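For reference, the structure is listed below as structure tokens.
The values are calculated or read from the model by the stated rules, or taken from the named source; none is laboratory data. In this text, all values refer to a predicted model and were calculated from it rather than measured experimentally. FYI the Cβ positions are ideal-geometry reconstructions off the backbone, even for glycines, and counts take in every protein chain you see. Protein only, heavy atoms only, side chains kept; ligands, DNA and RNA dropped before computing areas. Shrake-Rupley method; radii C 1.70, N 1.55, O 1.52, S 1.80 Å.
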Amino acid sequence: MLIGRDDELAALASAVARARAGTSRTVVVAGPPGSGKSALLEASVRALAPDVTVLRASGHVAESDLPYAGLHQLLMPWAAVLASHDDARARTLSGAVAFARQEPAERLPVASALVWFLAERAAAGGPVVVVVDDAQWLDASTRQALVFAARRLDADPVAFWLGSREADGLRG
């Protein structure tokens with residue numbers, strides 16, 4: 001149980017309710033180190049209904065210069081799903097995060113492929129929640145792809161929850 005975090009818990013739950021109704025929403029939980037952002041995100045994930053698909057990643061200082069490191073973590077559980085698609089967008093995502101051998105893609109096709117993937121996951125069975133903790137340490141290419149997707153999935157059942165020490169650069 002989290003004490004004194006009712007407003008934040010309600011904002012995260014509201015984002016999922018809006019996604020369930022077909023409207024995307026991004027919530028940035030920002031605060032200083034040790035303020036409970038990770039615990040808040042974790043408690044909110046545990047409270048999700050079983051029909052919600054959760055994609056998770058966490059930024060790391062050591063990987064902040066490695067292109068698509070955060071996207072790799074986000075998509076790792078879906079590598080087989082991506083491999084099973086005979087679609088250029090699936091190949092673009094797989095190549096960007098090194099699930100498949102392919103020339104590195106430019107950022108726009110990868111971001112566009114992420115939009116497709118998230119929309120497809122939502123269409124396949126319920127809302128999707130993208131959870132990123134320590135987003136301030138995401139590599140720039142992952143951060144750009146996520147902001148791109150969040151701005152374009154406004155009429156899809158996808159919610160974005162971002163925990164960060166700072167909100168600048170994360171809002172779409």
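Data overview
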{"quantity": "Filter result for the condition that a residue is more than 26 Å from Thr23 (Cα to Cα) and among the hydrophobic types (A, V, I, L, M, F, W, C), over Ala39, Ala80, Ala43", "calculated": "Ala80"}
{"quantity": "Selected residue [open to solvent by 60 Å² or more (accessible area, probe 1.4 Å) and on the phi > 0 side of the Ramachandran plot] from Ala98, Ala62, Ala80", "calculated": "Ala98"}
{"quantity": "Residues (charged (D, E, K, R) and under 11 Å from the mean Cα position of the chain (by Cα)) located in segment 53-74", "calculated": "Arg56"}
{"quantity": "Filter result for the condition that a residue is of a type outside the set (Val, Ile, Thr) and free of Cβ contacts under 8 Å to residues at least 12 places away in the same chain, over Glu63, Glu8, Glu42", "calculated": "Glu42"}
{"quantity": "Failed criterion for Pro50 (all others in (1) assigned to a loop (DSSP other than H, G, I, E, B); (2) within 21 Å of Val147 (Cβ to Cβ) hold)", "calculated": "(2)"}
{"quantity": "Failed item, numbered, when Asp86 is tested on (1) in a helix (DSSP H, G or I); (2) of a type outside the set (Val, Ile, Thr); (3) farther than 22 Å from Val129 by Cβ", "calculated": "(1)"}
{"quantity": "Members of segment 101-125 found to be small (Gly, Ala, Ser) and open to solvent by 50 Å² or more (accessible area, probe 1.4 Å), listed by number", "calculated": "Ser112, Ala123, Ala124"}
{"quantity": "Index of the failed condition, Leu12 passing every other in (1) out of contact with any Ser or Thr (no Cβ under 7 Å at 6 or more places or on another chain); (2) open to solvent by less than 80 Å² (accessible area, probe 1.4 Å); (3) outside any loop (DSSP other than H, G, I, E, B)", "calculated": "(1)"}
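Residues are listed down the side, and each one gets a yes or a no for (1) among the small types (Gly, Ala, Ser); (2) under 22 Å from Arg107 (Cβ atoms); (3) open to solvent by 40 Å² or more (accessible area, probe 1.4 Å):
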| position | (1), (2), (3) |
| --- | --- |
| Asp6 | no, no, yes |
| Gly22 | yes, no, no |
| Ala30 | yes, no, yes |
| Val52 | no, no, no |
| Ser58 | yes, yes, no |
| Leu71 | no, yes, no |
